[in-house]
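The structure appears right after this line, and notes come after that.
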Amino acid sequence: MTGPQPAGGLASVLVPILDEIDHIDATLAILRDQRYDGELEFLLIDGGSTDGTRPILDRVAAGDPRFRVIDNPSRYIPAALNLGLHRARGDYVVRMDAHTRYPADYVAKGVERLRSGDVAWASGPALPHGTGRWSRRVELALTTWLGVGNAAFRRARTEVESDTGFTGVLRRETLLALGGWDEESLVNEDGELAARVRASGGRIVCIPEMAAAYVPRDGLPALALQYWRYGQYRARTSRLHPESMRRTQLLPPGVVLAAGSALLPGVVGRIARAGLALYGLAVGAACGSVVPRAAARDVAALPLVLLTMHGSWGAGFLRGCMRFGAPLGAIRRAVTPGPTAGPAPPPPGGSAERVRRSATP
């Protein structure tokens with residue numbers, strides 16, 4: 001489909017929810033405040049909340065016909081999104097998270113960009129906004145080149161084409177044609193979907209007007225668990241879609257392997273120690289880059305944050321290689337000179353077949 005399309009149209013907003021009592025009032029206010037020139041419906045997909053969130057959802061749905069509550073027995077995000085997708089009535093499907101702060105014209109800007117006809121997915125930068133001591137330090141880490149690599153969706157200041165999207169807006173027909181979200185991608189479901197969008201010839205853009213703020217983990221143990229899970233499922237996505245791996249994603253597992261090899265004798269140990277020394281210099285440079293805008297105590301803690309992120313992600317990636325199989329094709333593409341991300345055929349079996357399978361922990 002090409003060329004501008006008329007204004008309006010129904011947009012379906014999918015919001016996976018599980019125990020969001022600390023955020024749900026703000027989330028509902030953000031949904032109500034969305035400015036859009038067409039109709040809106042909000043599908044609140046609850047994974048069995050037990051903290052008092054569910055009565056709030058039911059009360060809102062009873063008082064506003066735009067809101068519907070859907071049960072998600074599996075509790076997992078991709079399953080929630082597929083439940084919402086198959087109950088959505090809109091031409092456009094908007095994914096929004098319950099603990100992220102979106103601008104009032106988020107839906108409008110995304111739909112407007114899709115109407116131009118040249119993109120399949122419109123999203124915005126994911127901006128960390130720390131509220132606690134450690135979440136502010138994670139935010140600081142994610143403003144450095146070592147913390148974000150070359151992920152365009154974390155720092156776009158003008159429209160850029162990206163290899164993935166942070167939540168965002170797609171046409172419902174696009175999602176249905178691709179089989180929806182992969183329910184076995186319990187983490188990194190957007191990255192896996194993005195690989196299929198690009199393989200089908202679709203473009204993903206990140207536009208600054210759709211920037212959304214989220215609160216990072218406020219503690220090193222929680223951060224480590226988050227990145228451990230990220231790393232595992234990045235290994236799975238990379239195995240399914242070798243073209244989706246970035247070169248920078250080889251750094252964390254490389255650091256973990258170097259740390260495990262540094263005490264070995266001979267050339268292997270020397271190479272590992274040299275690699276760790278270079279990593280130390282990179283961490284020092286990243287810390288130096290934030291000195292003018294951060295407190296000394298936060299700068300001093302930054303190496304711990306970066307090491308937690310990289311070590312947990314890298315160890316998770318290696319665990320994912322054992323669990324899902326090593327993505328040798330992805331690694332080979334990543335280390336080969338030239339572009340590392342380009343369209344490739346979907347894996348055997350088809351995405352729709354994978355989506356229909358039940359999610360497993």
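The values are calculated or read from the model by the stated rules, or taken from the named source; none is laboratory data. This structure is a prediction, so every number in the text was calculated from the model and none was measured. Don't worry about glycine lacking a Cβ; one is built from the backbone with ideal geometry, like all the others, and counts go over all protein chains shown.
Summary of computed values
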read-out: Selection from the range 255-278 of residues that are under 18 Å from GLY316 (Cα atoms) and crowded, with 17+ Cβ neighbours inside 10 Å; value: VAL255, VAL256, ALA258, ALA259
read-out: Qualifying positions in the range 98-114 - among the aliphatic types (A, V, I, L, M) and assigned to a loop (DSSP other than H, G, I, E, B); value: ALA98, ALA104
read-out: Selected residue [under 24 Å from ALA126 (Cα atoms), basic (Lys, Arg), modelled with pLDDT under 95 and not assigned by TED's automatic domain parsing to the domain that holds GLU112] from ARG246, ARG229; value: ARG246
read-out: Some residue of the range 227-242 being outside any strand (DSSP E or B), polar (S, T, N, Q) and surrounded by fewer than 23 Cβ atoms within 10 Å (Cβ to Cβ); value: no
read-out: Matching option when the condition is in the same structural domain as THR308 (by TED's automatic domain parsing), in a helix (DSSP H, G or I) and either surrounded by 15 or more Cβ atoms within 10 Å (Cβ to Cβ) or without any contact (Cβ under 8 Å) to a residue 40 or more places away in the chain (or both), among LEU281, LEU223; value: LEU281
read-out: Condition met for GLY201 (touching a residue at least 24 places away in the same chain (Cβ under 8 Å) and in contact with a helix residue (DSSP H, G or I) (Cβ under 8 Å, 6 or more places away or on another chain)); value: no
read-out: Residue in the range 110-143 that is surrounded by the fewest Cβ atoms within 10 Å (Cβ to Cβ), counting only those that are among the β-branched types (Val, Ile, Thr) and closer than 27 Å to ALA11 by Cβ; value: VAL119
read-out: Those residues of the range 23-63 which are assigned to a loop (DSSP other than H, G, I, E, B) and either in contact (Cβ under 8 Å) with a residue 60 or more places away in the chain or among the hydrophobic types (A, V, I, L, M, F, W, C) (or both), in sequence order; value: HIS23, ASP33, GLN34, ARG35, TYR36, ASP37, GLY38
read-out: Residue within the range 77-97 that is surrounded by fewer than 21 Cβ atoms within 10 Å (Cβ to Cβ), out of contact with any Asp or Glu (no Cβ under 7 Å at 6 or more places or on another chain) and either free of Cβ contacts under 8 Å to residues at least 24 places away in the same chain or part of a strand (DSSP E or B) (or both) present; value: no
read-out: Residue match in the range 1-16 (condition: outside the structural domain of LEU170 (by TED's automatic domain parsing), surrounded by fewer than 20 Cβ atoms within 10 Å (Cβ to Cβ) and hydroxyl-bearing (Ser, Thr, Tyr)); value: yes
read-out: Number of the exception - PRO216 against (1) in a loop (DSSP other than H, G, I, E, B); (2) out of contact with any Asp or Glu (no Cβ under 7 Å at 6 or more places or on another chain); value: (2)
read-out: Enumerated strands (runs of 3 or more DSSP E) restricted to the range 115-201, each holding at least 3 residues that are within 17 Å of VAL93 (Cα to Cα), outside the structural domain of ASP298 (by TED's automatic domain parsing) and not β-branched (Val, Ile, Thr); value: 121-123, 168-171
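Matching residues to (1) at positive phi; (2) within 16 Å of the chain's Cα centre (by Cα):
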{"residue": "LEU178", "(1), (2)": "no, no"}
{"residue": "GLU184", "(1), (2)": "no, yes"}
{"residue": "ASN188", "(1), (2)": "yes, yes"}
{"residue": "LEU193", "(1), (2)": "no, yes"}
{"residue": "VAL197", "(1), (2)": "no, yes"}
{"residue": "GLY201", "(1), (2)": "yes, no"}
{"residue": "ALA222", "(1), (2)": "no, no"}
{"residue": "TYR227", "(1), (2)": "no, yes"}
{"residue": "GLY231", "(1), (2)": "no, yes"}
